[in-house]
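Where a number appears in this text, it was derived from the coordinates with a stated rule and is not lab data. For clarity, every value in this text was computed on a predicted model and none was experimentally measured. Counting neighbours? That spans all protein chains shown, and the Cβs are built from the backbone with ideal geometry, glycine included.
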Amino acid sequence: MARWGNVKGALDGLDAIVAAPQDTAEARTYLRREKLKGQFELRDVIFRYEDDGAPTVDIKAMLIQPGQHVAVLGANGSGKSTLLKMLSGLYAPTEGRILIDGTELGQIEPRDLRRLIGYLGQDVRLFSGTLRDNLNLTMLERDDDRLHAALDFAGLGPFVRNHHKGLDLEIKDAGAGLSIGQRQSIGWARLWLQDPAICLLDEPTAALDQRLEATLVSRLQDWMAGRTAIIATHRAPILALTERTLVLQDGRMTVDGPKEKVLAHLAGQKGHVA
């Protein structure tokens with residue numbers, strides 16, 4: 001009976017996976033994109049987690065130009081993370097339209113969006129396997145030197161080279177045994193390997209110590225040139241990478257402008273950046 005209970009639980013889990021919404025609809029033909037310039041336009045966008053709930057994001061209009069580096073500020077629960085997930089295509093807006101390079105996001109082949117848009121969330125998901133497995137998500141990397149270069153970029157190079165297993169370092173499910181900072185660094189290494197045209201970053205250095213954060217920011221100055229970057233952060237070093245600042249409050253955009261003017265405005269209101 002115990003074995004049958006385990007089997008039934010596994011089958012129910014598989015049924016739930018099969019019944020879950022898919023990235024692509026069988027009856028649709030999606031537009032393919034080899035490249036993306038990185039222009040985003042939002043028109044009357046609303047997102048709700050519950051049909052009868054208050055909007056988590058409610059933005060009437062927003063335009064982000066290709067190559068622009070934008071910081072998104074706001075208190076916890078203001079909608080920053082949800083906004084980034086919508087821009088990445090992970091979430092679809094409940095109402096309104098999100099356009100990328102003039103085309104509605106939902107018309108583009110999801111595989112192309114995953115390839116060309118890099119998303120680094122607060123919680124880097126790792127799986128049971130080796131470090132090499134966790135870096136080589138596309139199974140296309142055949143050059144260990146590139147994997148080491150990615151780890152050097154993310155600040156993990158010395159740790160991996162000094163470990164007796166190197167790239168064969170065993171990682172447990174969900175990254176157990178690694179610090180939060182090490183998991184976030186692996187996320188940065190993945191992003192470097194992906195080399196996306198668009199970077200959506202959600203508190204991307206929150207788990208890093210000050211020294212590693214400063215080193216990474218210095219590397220990002222050149223690496224992010226020419227890429228569209230939208231960064232939700234509270235960290236002053238990361239703000240140095242941006243030239244425009246948006247402020248969200250209860251899902252609505254309350255301030256939008258050049259970084260220096262917005263930060264001066266916030267400092268005048270509260271004495272610190274919220």
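Results, tabulated for the structure shown:
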{"quantity": "The listed residue being of a type outside the set (Phe, Trp, Tyr), farther than 27 Å from Asp112 by Cβ, crowded, with 18+ Cβ neighbours inside 10 Å and in contact (Cβ under 8 Å) with a residue 24 or more places away in the chain, out of Thr205, Thr228, Thr215", "calculated": "Thr205"}
{"quantity": "Residue match in the range 200-222 (condition: of a type in the set (Asp, Glu), in contact with a Ser or Thr (Cβ under 8 Å, 6 or more places away or on another chain) and closer than 19 Å to Leu87 by Cα)", "calculated": "yes"}
{"quantity": "Any hit, the range 64-78, residues being over 24 Å from Leu200 (Cβ atoms), in a loop (DSSP other than H, G, I, E, B), out of contact with any Cys (no Cβ under 7 Å at 6 or more places or on another chain) and among the aliphatic types (A, V, I, L, M)", "calculated": "no"}
{"quantity": "Matching residues, the range 16-51, being in a loop (DSSP other than H, G, I, E, B) and loosely packed, with under 10 Cβ neighbours inside 10 Å", "calculated": "Ala20, Pro21, Gln22, Glu26, Ala27, Arg28, Thr29, Arg32, Glu34, Lys35, Glu50, Asp51"}
{"quantity": "Number of the exception - Asp222 against (1) of a type in the set (D, E, K, R); (2) part of a helix (DSSP H, G or I); (3) more than 30 Å from Leu140 (Cβ to Cβ)", "calculated": "(3)"}
{"quantity": "Near pairs, Cβ below 9 angstrom, 6+ apart or cross-chain, from the range 153-172 (touching a residue at least 40 places away in the same chain (Cβ under 8 Å) and more than 15 Å from Gln184 (Cα to Cα)) to any residue that is among the hydroxyl-bearing types (Ser, Thr, Tyr) and in a strand (DSSP E or B)", "calculated": "Glu170/Thr130"}
{"quantity": "Every pair of residues 6+ apart whose Cβ atoms lie under 7 Å, when the first sits in the range 233-262 and is assigned to a loop (DSSP other than H, G, I, E, B) while the second is exposed (fewer than 15 other Cβ atoms within 10 Å of the Cβ)", "calculated": "Leu241/Gln221; Glu243/Pro258"}
{"quantity": "Members of the range 160-199 found to be hydrophobic (A, V, I, L, M, F, W, C), out of contact with any Gly (no Cβ under 7 Å at 6 or more places or on another chain) and surrounded by 14 or more Cβ atoms within 10 Å (Cβ to Cβ), listed by number", "calculated": "Leu167, Leu169, Ala174, Leu178, Ile180, Ile186, Trp188, Ala189, Trp192, Leu193"}
{"quantity": "Selection from the range 87-119 of residues that are under 17 Å from Pro21 (Cβ atoms), free of Cβ contacts under 8 Å to residues at least 40 places away in the same chain, touching a strand residue (DSSP E or B) at 6+ places or on another chain (Cβ under 9 Å) and not hydrophobic (A, V, I, L, M, F, W, C)", "calculated": "Gly89, Gly106"}
{"quantity": "Where a residue in the range 28-57 is in contact (Cβ under 8 Å) with a residue 60 or more places away in the chain and over 15 Å from Leu87 (Cα atoms) and its partner, wherever it lies, is among the acidic types (Asp, Glu) and outside any loop (DSSP other than H, G, I, E, B), with Cβ under 7 Å and at least six apart", "calculated": "Arg32/Asp112; Arg33/Asp112"}
{"quantity": "Selection count, the range 152-168, where residues are part of a helix (DSSP H, G or I) and out of contact with any Ser or Thr (no Cβ under 8 Å at 6 or more places or on another chain)", "calculated": "9"}
{"quantity": "Residue in the range 187-200 that is more than 30 Å from Lys35 (Cα to Cα), touching a helix residue (DSSP H, G or I) at 6+ places or on another chain (Cβ under 8 Å) and part of a loop (DSSP other than H, G, I, E, B) present", "calculated": "no"}
{"quantity": "Which numbered condition Ala92 fails, given (1) aliphatic (A, V, I, L, M); (2) touching a Ser or Thr at 6+ places or on another chain (Cβ under 9 Å); (3) closer than 21 Å to Gly251 by Cβ", "calculated": "(2)"}
{"quantity": "Residue match in the range 123-136 (condition: in a loop (DSSP other than H, G, I, E, B), among the hydroxyl-bearing types (Ser, Thr, Tyr) and under 25 Å from Asp173 (Cα atoms))", "calculated": "yes"}
